[in-house]
Each structure stands twice: as C-alpha cells, then as structure tokens.
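K.L.:
The structure is given below, and queries will be raised subsequently.
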Amino acid sequence: MINPNSKERALELGHKPPKTDWMDTPTVYKEGIYCYAAKPARLEYVSLPNPRDWSCTAEDWQLPENWKEIILEGMKERLEKYRTFKIFMDICVRCGACADKCHFFIGTGDPKNMPVLRAELIRSVYRGEFTTAGKILGRIGGGRKLTLDVLKEWWYYLFQCTECRRCSVFCPYGIDTAEITIIGRELLNLIGLNIDWIAAPVAFCYRTGNHMGIQPHAYVDMLDFFTDEIENVTGVRCQQTFNKKGADILFITPSGDVFGDPGTYTCMGYMIVIHYLREVYGLDITWSTYASEGGNFGLFTSHEMMKRLNAKMYAEAKRLGVKWILGGECGHMWRVINQYMDTMNGPADFLEEPVNPITGTKFENAKTTKMVHITEFLSDLIIHGKLNLDPNRNDRLKNTFHDSCNPARAMGILEEPRYVIKSVCNNFYEMPRNTIREQTFCCGCGSGLNAGEDMELRLAGGMPRGNAVQYVHNKHGVNNLICMCAIDRAVLPACMGYWAPEVDVSGINELVANALILPGEKEKTVNLRDEPIWPKDVEPDEFYKRPSFPGR
Amino acid sequence: MRLNDLLEQKKAAIIKEWFNLIVNSYPSDTAYFLKKQKDHFANPVGTTILHSLKPLFDEILNGMDHKAIVSYLDPMIRIRAVQVMFSPSQAVAFIFSLKKAVRSNLKKRENQDDHIINELIIFESKIDEVGLMAFDIFMKCREQVYKLKANGERNRVFRAFQRAGLVYEIPDGKRPGVMNVLKSSNTAVAPLDDRVD
Amino acid sequence: MNQKYMYSLIAVIVLILIAYVGVEAAGLQVLFGIILPYIAVLIFIAGFVYRVMDWASSPVPFSIPSTCGQQKTLSWIKHDKIDNPTTTTGVIIRMMLEILLFRSLFRNTKFALNEGPKISYVWEKWLWLVSLAFHYSFLVVLIRHLRFFLEPVPVWLQWLEEVDTFFQLGLPGLFLTGAILLGATTFLFLRRIYLPEMRYISLAADYFPLFLIISIAITGILMRYFTKVYIVGVKELAIGLASFHPTIPDGIGVLFYIHLLLVSVFFAYFPFSKLMHMPGIFLSPTRNLANNTRFKRHINPWNYPVETHTYEEYEDEFREKMIGAGLPVEKELPVVEKE
C-alpha cells in the first residue's frame, strides 16, 4: 500500500512565500546577495563620514547617534536640490508597467526587486516623514517612519539595483529608478554605509588615478608588456606614449582593461589602433597615468564624489595641452561624460572643438564636452576608408553585441558600435529585439555590484542576458559576445560560464585590431589571443584560398 | 487500463498542475508574472520551466534516459541554484510535486485499483530517482558558483599579471596568491591599506 | 491586503452618506451646493499651483534624459530625433507622444516578438488601451459638463455631444464616454484586486481615487438615465456658481448633491495625491530634456567647488617611481647632497 504521508512530506518541502504586505515582510540578508561593507580606510582616504569596521549582517551597524536626523536632513536637502527626486517621490501611480522589466526581479523572483517597490521603500519614508497626509494617515496613506529595519531594507535593496534604467524606458512618467537609487545611496553614504567594492575603487581612483590602484610605473610596465605581446602576434612594435605634453589627443579608458582578462585584449586593441594612426597619419595620441581611469565609481557613491573623481579628465587634458579627449569603451563612464562632466567640471574652453584631423570630420555632437567616443571616431575613420581592414581575420568568431545599459539609455550610442563591428567581422547576429538597444538587459553587475561575494545575485541578474545569448548561440552558433564596457568584460565571462558556456566575451577594439592590417606586419596566423585566425572547422589552406582574402 | 496509458491520456492536465505547483513556490506576485508572461526573453524563468516539464515528464514515463533527463533538469535547477530564496531542499523539491500532480489527476476508482497502485509505486520511485539526479545537478551548479566566487576576480587579474611577468609561477606549479606576491615585491598596486585579507 | 481598499471604499461611502444626510435631513443645500464647491475649487487651484511651483522651485542640476533611440552623431548615422531628442522640437514631440498617446506604456507591446505566443502581451496592451480610454473619456465628460455653465450652449459642444451619443442607444441618448469612463475605472480597479503583483504594490491612495471616480460616474449616470433630477435647476445652480451669484433652486434631487460633493472632494483631493502625475509628467526631467549635453552645456545652479586630488599631489607622491619608469615629470627629484 501507499503511505499517504510520502506525498505530504514532499509537499512540505515546498517553499512557502510570505503572504504578508511588503511593509510587514522582514528583510533577511541572504549570503550571495549582499556585498561586504566598506572598510574604514577607504572612507578615511576620501574623507567620507563614519569610517569604522562593520558588517552588514551584524545587529549593530555602529551608526552615529543621530543617524536618523542625518538621513532625514539629507532627504530634505536633496528634495530641494533635485527636481527629479521630488517629482519621482510624488507622481508614481503604481501602474505596474515597470514591475517585470528589472533583470533582478526576473532573475531572483524577489518582489522587492520590482522597480516600483524599490522606489516605494524610499517613497514610503518620504510620505511618512515629509508629507502632511502621510504623517496623519500613516500606513493607510502608504507612509512609514524611518527605523533601523527600514534602513537595513534600503541598504539591502539599493545594492540590488544596477542603475541600468531599463524600467525608466517603460514608465509613462519617465520615473528613473536609477536616479532614486543614486540618491538613496548618497543618503546611505552620509552615515558611512557603502559597500567595499565601491568604496575601494573610489579611494584607489582618488589616489592613483585608477580603480585598480595601479601606480604609474606599473601602468607603464603593463602596457610595455602588451607591446611585447602585440609584437609576438603582429611583428610590429606598437610603442605608446604616456603623459606626453603637446600630443594631439588624450586617450582615457577604464583601468579594468589594463589589468584584467579579457579586457586586456581590448586594451591591446587600442594600442594597435593608436600605433596605426601614428604610423600612417602621424596622429599623436597619448595615455595618462594620472587620468588613468575612465570609469567613475563616484557615480555609485554620491554626486560630489563623482565630480571629485571626474575632475581629473579635464585637469589632465589642460595640463598636457591636448586638443581634445578620446574615450574608450566603457558604460557608466560615458553616462558621466554625456550627462554630468561638462555640467560638473566644465566648461573645457582650453580644449578645441573636436575634429578628426585625418578625415576633417567635425564631431558636432561633442562640441562642448570635447570628448569623443572611440566608436564614433572609428566609425568616421572606417567610412572614409582610412583603416585598412581585413574582416576575414575574425572569421573564427560568430558575434553578437550586448548594448551596455548606460551607453544605450543614457546616451543612445547604438549604431556606431554596430557599424564598427560589422566592418571588422563577417559574422554578426543580433539578439532578440526586446533584449537589445534601449531595451537591453543589464549584465547584472553594474553600479559597483561586480564583487565576488554577491555571485548569486550577479548570476540571477545576468540570467535574462545569458538566456538571450544562449538563444543566439543555439540558433546561429554565436561564440563571441562583444560588449562596449569594461565592467561587462570583467563580469560577463562568469555570467556566460554559467548560462551560456560556449560563448566568449570581447571588446570591440579587440576585433578592430585583429582585422587591422598594420604597415610592416608579419603574416598573421593568430589573433591577439594566440588562437589561429581561421574558423575551427576550416583548414588553413582553404581559408587562405578564399577569393575575398586580401591579406594575401 | 494501464497507468502509463492513463498518464499519457492526462498528460496535459498533470503537467499544467505540476507547473502551477512549481510556480506557486514563488511569492504570489512573482508567480503571476511567471505564469502570464509567455515571452521567452521577458520571462526566461517561467518559460524555461514551462518548456522543460513536458519532455521531462515524457522521459520519466518512457525512457528514463539519464542524459536526456539531465538536459531537461539542468536549465531549471541552474536557475533555482542561484535563487537564494530557496533552500537546497526547496530548490529540488519541485520534482516531487509531480507525485501530487499525478495523484490528484487520478480518479478515486483508479487510485484504488491494485494494479495501478503497483505501477504507481514504480512510477513514483522513478520520480525519486529523478529527484536524486536533480540533487546532483544542484550540487554541480553550486560548486560552479563557489568556484566563480573563489577564483573569478582573482584569476582574471592574476592571468593578466602573470602574462606581464609581474607574478611568477612557483616551479611545482602551485600558484602564489596575486596580492601576496605584490605585497612582497612592493610593486604594481598601491598598498592603500589591508586591501586583501 | 483587503484593508487597503476597504479603507478607501468606506471613505467614499461615508462621503455619500454625509451628502445624503446633510441635504435630506439637515437641509444644508447651501453648504453642499455652494460653499463646499467653492472651497474645493479654491483648494484645487491653490494646491495645484502650489505643488507645481514647489516642484519648479527645485532645480534640475543635471540633464538626465532616458534615451530610447540613436543619439545625434555623425551625419550619415540616422538620428532618432524623437526618442533621443536634441532640440526643443524633438522634446516637444516626444512629450506630446507621451502625454497624448502614453507612448512608454505602449512600448510594452511595440516590439512584441514572434517567438512568444501573441497572448503574452495582452494584458500590457490592455493597460495602455484602458488608460488611454479612461483619460480621454474623463476629459470629454469634463468638457461636456461645460453645457451646465454656458448659456447658450456653444455649437462645438453640441457637436461633441452628438458624436458622443453617436450610437443612439436609449433615450436620452447614451453618452459613450460616460460608459467608457465607468468601464475603464472598473477595469483599473479589478486589475489592482486580481493581479497579485498589483495587489502587492497598491496602496489605499491607489484605490481611493478609483472609488471616487466610479461613484461620480455612477451618480452621474443615475441622474441622467434613471432617477432624473431637476435639470433646469441644476443649470441654474451651475450658472450661478460660475457667475459668482450663487443661488439654490428648489427641487434638485439629493443625488445631485451627492454627485457634487464627490466631485468637490475629487478636486480638493487632487493636489495632495498621486493624481498630480498630470502636471508632473510635464516636469519629468527624464522626458522633458534634450540629450544635448555634449554640445550644449547644462548649468547646475548649485554647482560648487570640490576637493580633488591634483596632478601635483599625485606627482609628489609617485615622482620617484615615475622617473624610474621614464615618465615625464613637472618637477625633478631634489638633488641629494652626498654626505
């Protein structure tokens, strides 16, 4: 006979989700979701308040006595300083359009990751502490008081938002959860509540000029080493210049690409392109060890910190006396450049309006920031036929392109990267429409959440992206995910390893460099990764016999 | 009538119930989204479950081919392995909800037929087997997550450093910690403080 | 959970009872017909202006539009002038599409994929469609009410009514917009009750305006089609209010006063509620700004100097290493005297 209990037991195993109202559902800190707390030295170095050794899972967060007052005062100040914050606190009608647009909600299934609820966490306090109706009606009016539990809820969920802005695309009022998260984190920083993965790069960047804490000589060492590597592959020495006064252009890119695979190949790509332009056209592009970071983790800390870190770019351009600045492939770096830099640290009247000296093209759209995106620059060179390219050399790869959140939704640089990619490779396939361009899914690790301890969060958040990549892998045999962001290059290999294991990750300039025919190069048989350039299933002889092969 | 035929007949209803039991293990609002949104890219979790259950059920019913079962289980377990709201047992428990889905779809008369009950015992023991396989996959996924956690960032930076000759291999192939090497040689990374514990 | 809409439902029922008792038992027609409507309109105007001014008093320090299309760039790359506007015209068109057609809500359906079954987008499409139907029918109903305040009734208003009663259902002709308004609000209410995620995020403040509008629509429909009120008296009252010579004509049914009180509460409640999304959308910085910050400097009125790590400080710290690596420096190392 069957024991009826057997099925009962199996049933009891089932997860019973809480049925309580969200305000009554306590926040449980789950390992794999939260990031570690900021260590005191980071905060001290950049004079941020309340540096101390603390843990976010500890009962006592060692907050200042008047923490509540500080936060509420901070909210008041920001309501007066940011129209965005004030309006976004007031006008949400909770229509639910954003609810299922967040990659963290899709991946984790946690309802508080619906953008509307993430914002309500703060909005409820706004209503309960700042509006008359909320003060009188309390819970009925959707208001609540700021308590330690609320604060811990804020911390947990504000560091589960990558500020990717996907929800803002679908909101009928344009409410931008990223803006709310930015200001929410700024408030938390008033009482020393940051995560170490953000606080450390901020302190490093402030001191050494880059997030990795690379000192100037090591930066040069690393690029020198890349010069050797490039020579092995191409037979050409692509010597770079550093901190060179009077150069034409200053090049700034994220340091992640200098010190981490597979970004290093993108970095070599830049070096090859820079060398090519010097050799063929005499264009002098220099690197800086002082402004050796394009990214800006200040954006994830506070507006002030963003400004403090960003100031280096213009300061260095001025000191070196260059004409304009060229920026590498990075996501949030370009959000800062597009939407904040000129306002914060401009006007850059000591620079010239950017003109491509090789083609004569004026970059009208960068007239006042005087900073041009490398894919804008490359697109212009390519369409004028100024780069000698052999896309066959990338035949090994079947590529797709991941639009990074910030370039897509805080800038709109969608076609330039595609044009460059299509010019340097023969195999390109788009992912489904609702996962790219302005609807692109985040890598799950933006806004400083690319730590190691929150791997479950990262993988869950990267799931919608991984899913779309797996789809084009199955359909078209895609084996390479191209991205235009250093954080993407740092985190997507792990994400792909888990969700789409056959797919590699690379930057655009890696492919450009592989396709670029350098003057005086040796016969190319391998790419920058030391892999043969012919496709896996094609014999080399056959590959070289192709009529379209101009390398011969 | 044999159980297998019965199950074949009621397959659609059983799978539907099984799917609902699984999806209802999520918070109710999440569950609703998982059920309703049919677009594979907007709702990868729900559609992955939906598309895996039918072939999995067929496999339990007929083949019990190990490789095939793993291929259907893997996508589902892979997701639940990173959804920290589930404990390990909860992450694989959904396999066993099939028992409930099957039984509630059998009529009382069928439930009392000795012949069918005997077959049901066999069928349920197959479900147990699949449950154990799910556990294997779950552990494999978790191990992968831990490996990524332990090595991800470090290896990434380490490989680059290594290629640059900033660190060196110890002859027996044992890798030194990146940061230890850096600390001792006092190069590359500015020792702002106790960056690495 | 149920608490949230129960509170709102009870509040509306209490309002109805107050009007009923006030008029029927206490004979407070003057209060409900004249004083409260005036107060409500005053609160509405003052509150509305105050809230908008309050928003406007906070500056827009940074230009942060959400870009939903290709930026303006090289001349040969097609610029998406509406979804990524760089000019005021572009912004205005974008705002018009947003305000008049609820474009972002529609976006849910716009890029529907072939891969998924069609049904997948149905509820999202419904939200867009019903919201649009709701807002437009509400607008038409409001405009139609002008006939009570204007004598003679303008021709364009008569045309509007004719279009609205196009289907010639019943007598007097059924106003389509009234029916749509009631249907749409009911849909929006049921959606909040039946969809778990909507129930989870909804507040009492989301139900209250819905109940209020549903009740207003029901009392309005009752007055027109079922328990007729003394329409000439209503018009007299309305014109009296509009011309600041208010009178209370006899014989207007209590239903009218209930309707009027609910409308008054709606107006008075408006400036203090989420209903302010109406003016709010005009001021929303992610939609009403141009993405032109790389060629037109946006000014932050409270921009202040900050402490930075200057190049000089940097070189001072790393000079030795920089020179060692062959990097150019501003200042050479001090010459150390040999002892």
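Coordinate-derived values only; no laboratory data. Source: prediction; values computed, not measured. Reconstructed Cβ throughout: ideal geometry from the backbone, glycine too, with neighbour counts over all protein chains shown.
K.L.:
Thinking of the stretch A:23-194 as a set of Cα atoms, what percent of all their pairs are more than 24 Å apart? Kindly include the intermediate steps, with their values, before the conclusion.
P.N.:
On the way: 5169 of 14706 pairs.
It works out to 35 percent of all Cα pairs.
K.L.:
Now for a separate question. Taking the Cβ of C:Y200 as the centre, find all other residues whose Cβ is under 11 Å away and add up their charges (Lys, Arg: +1; Asp, Glu: -1).
P.N.:
Working: positive: A:K19, A:R94, A:K112, C:K4, C:R192, C:R199; negative: A:D21, A:E120, B:D29, C:E197.
That sum, taken over residues with Cβ under 11 Å, equals +2.
K.L.:
Percent of Cα-Cα pairs more than 24 Å apart in the stretch B:3-148, please.
P.N.:
Details: 3373 of 10585 pairs.
Everything past 24 Å amounts to 32 percent.
K.L.:
Rank B:M64, B:A81, B:S52 by how far each Cα sits towards the positive end of the charge dipole of the stretch B:51-121 (+1 on Lys, Arg Cβ; -1 on Asp, Glu Cβ) and give me just the farthest.
P.N.:
B:A81
K.L.:
Can you pull the Rg over Rh of the stretch B:40-100, Cα-only, Kirkwood?
P.N.:
Details: Rg = 11.9 Å, Rh = 12.3 Å.
So for the stretch B:40-100, dividing Rg by the Kirkwood Rh gives 0.97.
K.L.:
On to the next question. Helix C:122-144 sits at what angle to the longest principal axis of chain C, using alpha carbons and giving 0 to 90 degrees rounded to 10?
P.N.:
Taking Cα atoms only, the helix is inclined about 60 degrees.
K.L.:
Tell me which of C:F267, C:P209, C:P172 sits at the most positive position along the dipole axis of the stretch C:2-293, charges placed on C-beta atoms (Lys, Arg +1; Asp, Glu -1).
P.N.:
Of the listed residues, the answer is C:P209.
K.L.:
Once you put a point 7 Å from the Cα of C:K331 and another 7 Å from the Cα of C:I10, both along the Cβ direction, what distance in nm separates them?
P.N.:
7.4
K.L.:
Averaged across orientations, what area in nm² does the convex hull of the alpha carbons in chain C project?
P.N.:
Numbers: hull surface 124.7 nm².
Average projection, Cα convex hull of chain C: 31.2 nm².
K.L.:
Kindly rank C:46-58, A:465-477 from highest to lowest mean number of other beta carbons found within 10 Å of each residue. Numbers along the way, then the final one.
P.N.:
Numbers: C:46-58: 14.5, A:465-477: 20.5.
Per-residue mean Cβ counts within 10 Å order the peptides as A:465-477, C:46-58.
K.L.:
Where in the stretch C:77-101 does the amide nitrogen come within less than 17 Å of the point 7 Å from the Cα of C:L139, taken along Cα to Cβ?
P.N.:
Answer for the stretch C:77-101: C:92-101.
K.L.:
Report the paramagnetic label zone for C:A46: residues of the stretch C:244-280 whose backbone N is under 18 Å from a point 7 Å from Cα along the Cα-to-Cβ axis.
P.N.:
C:264-273
K.L.:
Same structure again: May I ask for log10 I(q)/I(0) of the stretch C:257-339 at q = 0.21, 0.25 Å⁻¹, from a Debye sum over the Cα atoms as equal point scatterers with solvent left out?
P.N.:
Log-scaled intensity ratios, in q order: -1.04, -1.17.
K.L.:
Can you tell me the dipole magnitude for chain A around its Cα centre, using point charges on the Cβ only (Lys, Arg +1; Asp, Glu -1), in Debye to the nearest 20? Please list the in-between numbers first.
P.N.:
Numbers: 63 positive and 69 negative charges, 273 e Å.
Dipole about the Cα centre, nearest 20: 1320 debye.
K.L.:
Kindly list the residues of the stretch A:471-510 that lie in the label zone of B:E143, defined by a backbone N under 20 Å from the point 7 Å along the Cα-to-C-beta vector.
P.N.:
A:494-502
K.L.:
Roughly how large, in nm² to one decimal, is the mean projection of the convex hull of the alpha-carbon atoms in chain A? Write down the numbers at each step before the final one.
P.N.:
Working: hull surface 119.2 nm².
Here the figure is 29.8 nm², rounded to one decimal.
K.L.:
What does the convex hull of the alpha-carbon atoms of the stretch A:200-383 project to on average, in nm²?
P.N.:
9.7
K.L.:
Same structure again: Cross-link partners among lysines for C:K331, C-alpha distance below 22 Å, same-chain residues fewer than 8 apart left out?
P.N.:
Of all the lysines, those that pass the test against C:K331 - Cα under 22 Å, at least 8 places apart if same chain - are A:K244, A:K245, A:K312, A:K318, C:K321.
K.L.:
A further question on this structure: Return the subset of A:K86/A:K135; A:K30/A:K307; A:K81/C:K296; B:K11/B:K126 for which the Cα-Cα distance in this structure is over 25 Å, preserving the input order. Numbers along the way, then the final one.
P.N.:
Details: A:K86/A:K135 17 Å; A:K30/A:K307 33 Å; A:K81/C:K296 22 Å; B:K11/B:K126 16 Å.
Distance filter (> 25 Å) returns A:K30/A:K307.
K.L.:
Would you grab the residues whose amide H sits under 5 Å from the one on A:N480? Only those 5+ places off in sequence or on another chain, please, with H modelled 1.01 Å from N.
P.N.:
A:K398, A:T400, A:D504
K.L.:
When only alpha-carbon atoms are used, what values of Rg and Dmax, in angstrom, describe the stretch A:436-493?
P.N.:
In order Rg, Dmax, the Cα atoms of the stretch A:436-493 give 11.6, 34 Å.
K.L.:
By the scheme Lys and Arg +1, Asp and Glu -1, what is the net charge of all other residues having a beta-carbon under 10 Å from that of C:L327?
P.N.:
Working: positive: A:K244, C:R319, C:K321; negative: C:E315.
Within the 10 Å Cβ shell, the charges total +2.
K.L.:
Something else now. Which order do A:T177, C:T186 fall in if you start with the one that has the fewest other Cβ atoms within 10 Å? Working shown, then result.
P.N.:
Numbers: A:T177 25, C:T186 15.
Neighbour counts put them in this order, fewest first: C:T186, A:T177.
K.L.:
Projecting each Cα onto the charge dipole of the protein assembly as shown (Lys/Arg +1, Asp/Glu -1 at the beta carbon, about the Cα centre), which of A:Y265, B:I121, A:C443 comes out farthest on the positive side?
P.N.:
Most positive-ward Cα: B:I121.
K.L.:
Calculate for chain A the 222 nm mean residue ellipticity that helices alone would give, adding -39,500 (n - 2.57) per DSSP H run of length 4 or more and normalising by residue count, nearest 500 deg cm²/dmol. Can you show the working numbers first?
P.N.:
Values: 25 runs with 251 residues, N = 552.
Roughly -13500 deg cm²/dmol at 222 nm, from the helical runs in chain A.
K.L.:
Right, here's the next one. Cα atoms only, the stretch C:125-182: Rg and Dmax in Å?
P.N.:
Answer for the stretch C:125-182, Rg first and Dmax second: 12.4, 41 Å.
K.L.:
Take C:K296, B:K10 and order them by how many other Cβ atoms sit within 10 Å, fewest up front. Let's see the in-between values first.
P.N.:
Numbers: C:K296 13, B:K10 17.
Fewest to most other Cβ atoms nearby, the residues stand as C:K296, B:K10.
K.L.:
Where does each of A:K307, C:K81 land when they are ranked from fewest to most other beta-carbon atoms within 10 angstrom? Write down the numbers at each step before the final one.
P.N.:
Working: A:K307 25, C:K81 17.
Listed from fewest to most nearby Cβ atoms, that is C:K81, A:K307.
K.L.:
Dipole of chain C, Cα-centred, from +1 at each Lys and Arg C-beta and -1 at each Asp and Glu C-beta, to the nearest 20 debye? Display every interim value, and only then the final one.
P.N.:
Numbers: 28 positive and 26 negative charges, 281 e Å.
For chain C, the charge dipole is close to 1360 debye.
K.L.:
Calculate how steeply helix C:254-269 sits against the longest principal axis of the alpha-carbon atoms of chain C, using the helix alpha-carbon long axis, and give the answer as 0 to 90 degrees to the nearest 10.
P.N.:
10
K.L.:
Further question: Based on the Kirkwood radius over alpha-carbon pairs, what is the Stokes-Einstein translational diffusion coefficient of the stretch A:391-545 at 20 °C with 1.002 mPa s viscosity, in µm²/s?
P.N.:
Numbers: Rh = 16.1 Å.
Calculated translational D: 133 µm²/s.
K.L.:
Give the span of the stretch C:215-280's Cα atoms along each principal axis, as three whole-Å numbers ordered largest to smallest.
P.N.:
40, 30, 14
K.L.:
To the nearest 20 debye, what is the magnitude of the charge dipole of the protein assembly as shown about its Cα centre, counting +1 on the Cβ of each Lys and Arg and -1 on the Cβ of each Asp and Glu?
P.N.:
Details: 121 positive and 119 negative charges, 564 e Å.
In debye, rounded to 20, the protein assembly as shown gives about 2700.
K.L.:
For the protein assembly as shown, build the convex hull from the C-alpha positions and give me its volume per residue in Å³. Could you put the intermediate results ahead of the total?
P.N.:
Numbers: hull volume 241.4 nm³, N = 1088.
Considering the Cα atoms of the protein assembly as shown, their hull volume per residue is 222 Å³.
K.L.:
Using a Förster distance of 22 Å, how high is the FRET efficiency between A:E44 and A:K76, based on the Cβ-Cβ distance and rounded to 0.05?
P.N.:
On the way: r = 27 Å, r/R0 = 1.24.
Working from the Cβ atoms, E equals 0.20.
K.L.:
If you don't mind, there's one more thing I want to ask. Mind checking the angle between helix C:36-57 and chain C's longest principal axis? C-alpha axes, 0 to 90 degrees, to the nearest 10.
P.N.:
Orientation of helix C:36-57: about 10 degrees from the principal axis.
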